[in-house]
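A.B. asks: One structure is given below, represented as structure tokens, and several questions about it will come after.
The values are calculated or read from the model by the stated rules, or taken from the named source; none is laboratory data. Because the structure is a prediction, the values reported are computed rather than measured. Backbone-built Cβ (ideal geometry, glycine too); neighbour counts: all protein chains shown.
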Amino acid sequence: MGFYLEHLNSRLAEGAARLPADLRERHAAYVRGKQLADGGFPGRDDGSDLYYTGFALRSLALLDALTPEVCERTAGFLKSCLTGRASVVDFYSFLYSVALVQLGGGPDVLQGSPADWPQRVAATLAQFRTPDGGYNKNPGAASGSTYHSFLVGLCYEMLGQGLPDPEQVRAFVLGRRRDDGGFVEVGPMRKSGTNPTAAAIGILQLIHGPNLPADDTAATADFLAGMDSMEGGLRANERIPLADLLSTFTGCWTLDQLGALDRVNPRHVYCFAEALQEETGGFKGGIWDEAADVEYTFYGIGTMALVAPASVEA
């Protein structure tokens, strides 16, 4: 998978192992119960979806509950996705799911594919490149997306390749940095956001390695720490009053990578995520949300895993 995803998975699995056993089993059962007859997993709409299938597998892997039986069934769905046009998100979700299925004891979905399939995928990813040095979700876009550039970087990593023209990508990312230390998703934006900041730091780690210079990231840590909310989680940006699990997870993960997770109160973060659990398993996105799904379940477990040691000791 490459160092970034392997490090992420290892860090989260270590923390998740410290969570109560009944909590882990409840959420694992919830995710397993979402698998459909074709082997895929749905979001909040009917029907299997590559994006949510990826999050379901990631949740089960994090909970040490990704079984060969689940993987065998999921492989069938993934094989059905081999043809047809795909966005950057689809490519990322597919490659990650294929890797997890094989790691979980399932078959190699790409067995029998042409030997040069990684090169073919890389050539397709190149079509998402934009004139400013980034990548967008679809070919032909005028400017790049910080988020989609990060996903493309992860795709290249899973293909065993580095980002082409990494210095150009680095310049693109640094052009999205704002005076508050955070980063924006698209160029015209002036106010930074938690999630594009996490994506930007992820891109820089893919280019330079996991340990970024503290002098270059201190302001970023300040920005993320300032996104805390009265509920205990992190907000998407300064204009949004309420926290959400996506921003809480990406913000805490990035602070962890910057050696600054102590800038937030771990007990408050843990309790924020804990309060968003459904009794029957699964997590909602925030106090404003009305239902759980497998994506937010990954963010919920991931958030609790990141702060679990401090929470248990508090």
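A.B. asks: Going by what's in this entry, would Phe272 be described as in contact (Cβ under 8 Å) with a residue 60 or more places away in the chain, within 30 Å of Ser48 (Cα to Cα) and either in contact with a strand residue (DSSP E or B) (Cβ under 9 Å, 6 or more places away or on another chain) or not small (Gly, Ala, Ser) (or both)?
C.D. replies: The answer is no for Phe272.
A.B. asks: Got at least one residue in segment 107-116 being at pLDDT 95 or above, more than 19 Å from Leu50 (Cβ to Cβ) and assigned to a loop (DSSP other than H, G, I, E, B)?
C.D. replies: no
A.B. asks: Where residues in segment 117-132 are in a loop (DSSP other than H, G, I, E, B) and of a type in the set (S, T, N, Q), which of them is surrounded by the most Cβ atoms within 10 Å (Cβ to Cβ)?
C.D. replies: So the residue we want is Thr130.
A.B. asks: Hey, another quick one. All but one of (1) assigned to a loop (DSSP other than H, G, I, E, B); (2) surrounded by 22 or more Cβ atoms within 10 Å (Cβ to Cβ) hold for Ala37; which doesn't?
C.D. replies: If we test Ala37 against (1) assigned to a loop (DSSP other than H, G, I, E, B); (2) surrounded by 22 or more Cβ atoms within 10 Å (Cβ to Cβ), just (2) comes out false.
A.B. asks: Just to be sure I understand, how many residues within segment 73-90 are over 14 Å from the mean Cα position of the chain (by Cα), in a helix (DSSP H, G or I) and under 19 Å from Tyr147 (Cα atoms)?
C.D. replies: Of the residues in segment 73-90, 0 are over 14 Å from the mean Cα position of the chain (by Cα), in a helix (DSSP H, G or I) and under 19 Å from Tyr147 (Cα atoms).
A.B. asks: While we're here: Are any of the residues in segment 276-296 surrounded by fewer than 21 Cβ atoms within 10 Å (Cβ to Cβ), farther than 22 Å from Leu62 by Cα and among the β-branched types (Val, Ile, Thr)?
C.D. replies: Yes: segment 276-296 contains one or more residues that are surrounded by fewer than 21 Cβ atoms within 10 Å (Cβ to Cβ), farther than 22 Å from Leu62 by Cα and among the β-branched types (Val, Ile, Thr).
A.B. asks: Still on this structure, I have one more. Would you confirm, using the coordinates I've provided, whether Ala219 is assigned to a loop (DSSP other than H, G, I, E, B) and modelled with pLDDT of 95 or more?
C.D. replies: Here the answer is no, as Ala219 does not meet what is asked.
A.B. asks: Taking the condition of being more than 21 Å from the chain's Cα centre (by Cα), exposed (fewer than 14 other Cβ atoms within 10 Å of the Cβ), without any contact (Cβ under 8 Å) to a residue 40 or more places away in the chain and within 13 Å of Leu255 (Cα to Cα), how many residues in segment 187-245 meet it?
C.D. replies: Counting residues in segment 187-245 that are more than 21 Å from the chain's Cα centre (by Cα), exposed (fewer than 14 other Cβ atoms within 10 Å of the Cβ), without any contact (Cβ under 8 Å) to a residue 40 or more places away in the chain and within 13 Å of Leu255 (Cα to Cα) gives 1.
A.B. asks: Val70 - would you say it is in contact with a helix residue (DSSP H, G or I) (Cβ under 6 Å, 6 or more places away or on another chain), of a type outside the set (Lys, Arg) and part of a helix (DSSP H, G or I)?
C.D. replies: So Val70 does not fit the description; no.
A.B. asks: So which residues in segment 133-176 are surrounded by fewer than 18 Cβ atoms within 10 Å (Cβ to Cβ) and not in a loop (DSSP other than H, G, I, E, B)?
C.D. replies: Hits for segment 133-176 are Pro166, Glu167, Gln168, Arg170, Ala171, Leu174.
A.B. asks: Could you say which residue among Phe150, Phe55 is out of contact with any Phe, Trp or Tyr (no Cβ under 7 Å at 6 or more places or on another chain) and touching a residue at least 40 places away in the same chain (Cβ under 8 Å)?
C.D. replies: Only one candidate passes the filter, namely Phe150.
A.B. asks: Please work out which one of (1) assigned to a loop (DSSP other than H, G, I, E, B); (2) of a type in the set (D, E, K, R); (3) within 16 Å of Leu5 (Cβ to Cβ) is the condition Arg58 fails and give its number.
C.D. replies: Only one criterion is unmet by Arg58, namely (1).
A.B. asks: Tally time: how many residues in segment 171-186 are closer than 12 Å to Ser149 by Cβ, under 21 Å from the mean Cα position of the chain (by Cα) and small (Gly, Ala, Ser)?
C.D. replies: Going through segment 171-186 one residue at a time, the tally reaches 0.
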